[in-house]
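Encoded as structure tokens, the structure appears first; notes follow it.
The values are calculated or read from the model by the stated rules, or taken from the named source; none is laboratory data. Small disclaimer: the values here were computed from a predicted structure and weren't measured. So basically every Cβ, Gly included, is an ideal-geometry build from the backbone, and we count neighbours across all protein chains shown. Surface accessibility is based on the protein's heavy atoms, side chains included, excluding ligands, DNA and RNA. Shrake-Rupley method; radii C 1.70, N 1.55, O 1.52, S 1.80 Å.
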Amino acid sequence: MPMVGSGFSILSEDFAAAPHRSFAWLREHAPVHYEPSIDSYFLSRFQDVKRVLTDHEAFTTETLQVRAQPVMRGPVLAQMTGAEHTAKRKTFVRAFTGAALQDHTRAVHANAADLIAPFLARGRVDLVNDFGKPFAVQMTLDVLGLDKEDWRQVAEWHSGVAEFITGIALTPERRRHCLDCAEQLEAYLVPVIEHRRRHPGEDLVSKLCTAEFDGTTMGNDEVTALIVNVLVAATEPADKTLALLFKHLIDHPDQMARVRRDPALLPAAIAETLRYTPPVQLIPRLAQREAVFAGTTVPAGATVFCMIGPANRDPEAFTAPDTFDIDRPDLGTARSFTAAAQHLAFGTGLHQCVGAAFARAELETVAAMLLPLLDQVRYSPGFRYRETGLYTRGPAALSLDFTPVREGGTGRG
Ligand code: 2IO
């Protein structure tokens, strides 16, 4: 546990190894923690984080101009405000809710069945690297309406783009690599965009190409940015959340048994996973004017990082916050994927995650499919659990053993 005057740093190896060990100390003793090397303030209390995310005029998303725009090649949805934001957000809402979710659910079944098949007879799978990462990319390509044949290549470019956005202190070499990935991704997307402009279909890329705001359609750079926005936002947190859900259920066998018996408990288990271990741990904002948090002044122009991990475990907001409990009455599962969510894993306010309903459908469907296939699921012998990442965080791997499924079996083989 860090002590006052210990030179605690969010950028230290100690913090990276196990951030949650510092959460209580941060909330109590350094609720407005300043990191001089990156000239940024870190807020860890639930109320402070909620205030920043809710007051989108005092705390803007302008940070994304330097944190995201260079690899996005244009502004992402979260950078927009007013009528433009409302209009463009609507295109995404349509693609991620209602009837569109039916198509996405079919895609979950198809992608998950293909990806898990080779591992069933073996009785061993790394849920992050063998399954979750390819699954997340393939799902995102389906949602966008892009060719899945190129998924390996797109996955590589995505990693570079995501590394740029989620990097806290990138070396010039890594920065160059990330920018190269972004340029190649853009070069890949532009011909697709131009083709869809001439031959629009029902897919999201076509919708972005044909959507009009103020009587005009978007240029290639604007459409590229929004495609890359969806690519990163739908891919980066997905494998992490899936793996964390399985980890928590394996670590709590009683809750695992109940979810297996009653898959209707899955939304609660997913919502609690998002509260307990949010895959997006940091959300940056730019303070437009001086502001006071817990008696500490943050100057105008400051970069403020909302720490979602400690906010979601603040005892002021949740009882027994360090316990994983799918029955917790203070979470409100039904609201957990909406604007009324109690946890802050999807952010909150104007820019709250537009893909929350899709995330729920994707995770619920894939978990309901995997659970019966992964009978007696447990950590592989000798497996050492390790998490990585400060901005987005999740297991580096999750090697699982289960009772092998015999050829042609449905999971009970
Ligand atoms: C993609 C950080 C994975 C978003 C971002 C530049 C903007 C925005 C987020 C999430 C998740 C990613 N920020 N999604 O935190 O679209």
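A few notes on this one:
- Pairs where the first residue, in the range 61-76, is more than 11 Å from the ligand (Cβ to nearest atom) and the second is open to solvent by 50 Å² or more (accessible area, probe 1.4 Å) and at pLDDT 95 or above, C-beta under 8 Å, 6+ apart: R73/D221; G74/D221; G74/E222
- E183 being under 30 Å from G82 (Cα atoms), crowded, with 16+ Cβ neighbours inside 10 Å and out of contact with any strand residue (DSSP E or B) (no Cβ under 8 Å at 6 or more places or on another chain): no
- Taken as a whole, the condition of being surrounded by fewer than 22 Cβ atoms within 10 Å (Cβ to Cβ) and of a type in the set (K, R) applies to R360.
- Test: L274 is farther than 30 Å from R198 by Cα and assigned to a helix (DSSP H, G or I): yes
- Which numbered condition P284 fails, given (1) open to solvent by less than 30 Å² (accessible area, probe 1.4 Å); (2) under 14 Å from the mean Cα position of the chain (by Cα): (2)
- Test for T171: is it open to solvent by 60 Å² or more (accessible area, probe 1.4 Å) and either within 16 Å of the ligand (Cβ to nearest atom) or within 30 Å of A16 (Cβ to Cβ) (or both): yes
- Residue match in the range 270-279 (condition: crowded, with 21+ Cβ neighbours inside 10 Å, under 15 Å from S336 (Cβ atoms) and in contact with a strand residue (DSSP E or B) (Cβ under 6 Å, 6 or more places away or on another chain)): yes
- Residue check: A311 meets all listed conditions (1) crowded, with 21+ Cβ neighbours inside 10 Å; (2) within 15 Å of the ligand (Cβ to nearest atom); (3) farther than 30 Å from D254 by Cα but one, namely (3).
- Members of the range 137-146 that are out of contact with any His (no Cβ under 7 Å at 6 or more places or on another chain), part of a helix (DSSP H, G or I) and among the hydrophobic types (A, V, I, L, M, F, W, C): M139, L141, L144
Yes or no, residue by residue, for (1) within 30 Å of A58 (Cα to Cα); (2) touching a residue at least 60 places away in the same chain (Cβ under 8 Å); (3) within 16 Å of the ligand (Cβ to nearest atom); (4) not aromatic (F, W, Y):
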position: F337; (1), (2), (3), (4): yes, yes, yes, no
position: A340; (1), (2), (3), (4): yes, no, no, yes
position: A357; (1), (2), (3), (4): yes, yes, yes, yes
position: L371; (1), (2), (3), (4): no, yes, no, yes
position: R393; (1), (2), (3), (4): yes, yes, yes, yes
position: A397; (1), (2), (3), (4): no, yes, no, yes
position: F402; (1), (2), (3), (4): no, yes, no, no
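- Matching residues in the range 37-60 - criterion: being in contact with a helix residue (DSSP H, G or I) (Cβ under 6 Å, 6 or more places away or on another chain) and either among the aromatic types (F, W, Y) or open to solvent by less than 30 Å² (accessible area, probe 1.4 Å) (or both): L43, S44, F46, V49, F59
- Subset of the range 287-305 [open to solvent by 30 Å² or more (accessible area, probe 1.4 Å), more than 18 Å from I10 (Cα to Cα) and under 27 Å from the mean Cα position of the chain (by Cα)]: Q288, G301
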